[in-house]
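What follows is a single structure, written as structure tokens, with notes after it.
The values are calculated or read from the model by the stated rules, or taken from the named source; none is laboratory data. Since the model is a prediction, treat every value here as computed from it, not as a measurement. Using ideal geometry, Cβ is built from the backbone for each residue, glycine included, and neighbour counts are taken over all protein chains shown.
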Amino acid sequence: MIVIAASGRNPFRAYALLFGDSGLIPGGAAWRREFAELLIKSAMYIATGLSVALAFKGGLFNIGAEGQFWVGAIVATFFGYWAPVAHTFGAMYVALGSFGWIAQLLHGAICIIMGMLAGGAWAAVAGYLYVKRGVNIVIGTIMLNWIAWFLITSWLAIGPMTPPSQTFTSGTFYVADTAKLLRIMMPTRLNTSILLVLLAAYATWFLLYKTTVGYEIRAIGYTANIGMEAPRAQGINIGRRILQLMFFSGALAALGGSFFILGLQYQFPNTATMGYGWTGIGVALIGQSEPLGVVLAGLFIGALRTGATSMQIANIPKTFSNIIEGMAVGFIALQVAVRYYLVKILQRRRTRTDPPADQEAIA
């Protein structure tokens, strides 16, 4: 509020517009549309947030969710329009009649699965370089981000995947109708992406806390800063688990990319801009790297992004919502720093007050 007031604008009106038009508060003629847009955006932020959070649990900073998001998006686009697949499910849709939605489910599932496999494989490259060549995971994923981005936007999306009758500025082929995610609240654009990402959040929680793989991933994460002797002593194959972790993490980011295409754009647009993966880092931090926390944080960020457009009515730049996001992440980081230094202070006091072990033995 201080920042907005210092700029000479009314902070109360700004916040009323921000949260009143975010879709969080029922009421108003446009509430259904705003609520739908909130959930559509949140689904993508939750997916990338889960990606980063899962890597955090294993002691890795997967800053490559951005590239993995776009790899998933372009692969989902390809399988959405590729003639052999599109024609098969198109014929199935006609043959099934009133049950044509089954063809939509199957075609959409194939696009999503292939996108997730591609995104997971892309992330696993960074995992392999880390395990086998000692390449820092942050450096490896950043490099792969830009490789993916320019490979897609400077070649695939303006070359082999562009209709011959269109210019390079038009984007790729559109996906078939059978590849589009089913709408669940007409006449809005709300689709099954929000249901799928909630299922992904549950699957992430189950993987982390109910499986042996998840236990070993968390064990690696707990000791990441002090060495891997403890996990090795337990017989954990650290290299294999890191590769699996990066694959799962990349697949979750790619899930968000599939939502972007199959539920929102229906093609890979040449106007696509980076940001979904970077936002996922903030979502993971705000959500404390816990699946439920990530879901709530994703909804929070989605609400800010949905309501930010209305702030411009009050002549307030929509980028002020980014300040709110940054402050939320900053407070989380401050909390972690305070906790870290409190532990250090307590350890020093304990060291000063506790007698040495040899004196205890003499006593």
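Overview of results
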item: Helices (runs of 4 or more DSSP H) enclosed by the stretch 273-362 - at least 1 residues per element that are in contact with a helix residue (DSSP H, G or I) (Cβ under 7 Å, 6 or more places away or on another chain), at pLDDT 80 or above and under 27 Å from L190 (Cβ atoms); result: 276-286, 291-311, 320-353
item: Cβ-Cβ under 9 Å pairs, at least 6 apart or on other chains, the stretch 61-72 side over 23 Å from N270 (Cβ atoms), far side hydroxyl-bearing (S, T, Y); result: F61/T141; N62/S51; N62/T141; N62/S249; I63/T141
item: Conditions (1) surrounded by fewer than 16 Cβ atoms within 10 Å (Cβ to Cβ); (2) within 23 Å of the chain's Cα centre (by Cα); (3) within 24 Å of M114 (Cβ to Cβ); (4) not acidic (D, E); number of the one not met by P163; result: (2)
item: Top-ranked residue of the stretch 185-240 - restricted to ones that are out of contact with any Leu (no Cβ under 8 Å at 6 or more places or on another chain) and among the polar types (S, T, N, Q), ranked as farthest from L262 (Cα to Cα); result: Q234
item: Residue count, the stretch 118-141 (criterion: crowded, with 17+ Cβ neighbours inside 10 Å, touching a residue at least 24 places away in the same chain (Cβ under 8 Å) and not aromatic (F, W, Y)); result: 12
item: Some residue of the stretch 188-199 being assigned to a helix (DSSP H, G or I), out of contact with any His (no Cβ under 9 Å at 6 or more places or on another chain), crowded, with 20+ Cβ neighbours inside 10 Å and not aliphatic (A, V, I, L, M); result: yes
item: Every residue from the stretch 58-73 that is surrounded by fewer than 24 Cβ atoms within 10 Å (Cβ to Cβ) and more than 15 Å from the chain's Cα centre (by Cα); result: G59
item: Residue among A157, A86, A109 that alone is in a helix (DSSP H, G or I) and modelled with pLDDT of 95 or more; result: A109
item: Pairs where the first residue, in the stretch 309-329, is among the β-branched types (V, I, T) and the second is surrounded by fewer than 19 Cβ atoms within 10 Å (Cβ to Cβ), C-beta under 9 Å, 6+ apart; result: T309/K318; I313/R13; I316/S7; I316/R9; I316/N10; I316/P11; I316/R13; I323/V3
item: Test result for R232, part of a helix (DSSP H, G or I), out of contact with any strand residue (DSSP E or B) (no Cβ under 7 Å at 6 or more places or on another chain), modelled with pLDDT under 95 and closer than 17 Å to A55 by Cα; result: no
item: Unique match (being in a helix (DSSP H, G or I) and modelled with pLDDT of 95 or more) among Y215, Y128; result: Y128
item: Residue ID - farthest from I110 (Cα to Cα), chosen from residues in the stretch 165-220 that are charged (D, E, K, R) and in contact with a strand residue (DSSP E or B) (Cβ under 9 Å, 6 or more places away or on another chain); result: R189
item: Residue match in the stretch 242-254 (condition: among the polar types (S, T, N, Q), assigned to a helix (DSSP H, G or I) and at pLDDT below 95); result: no
item: Residue check for M116: assigned to a helix (DSSP H, G or I) and more than 21 Å from the chain's Cα centre (by Cα); result: no
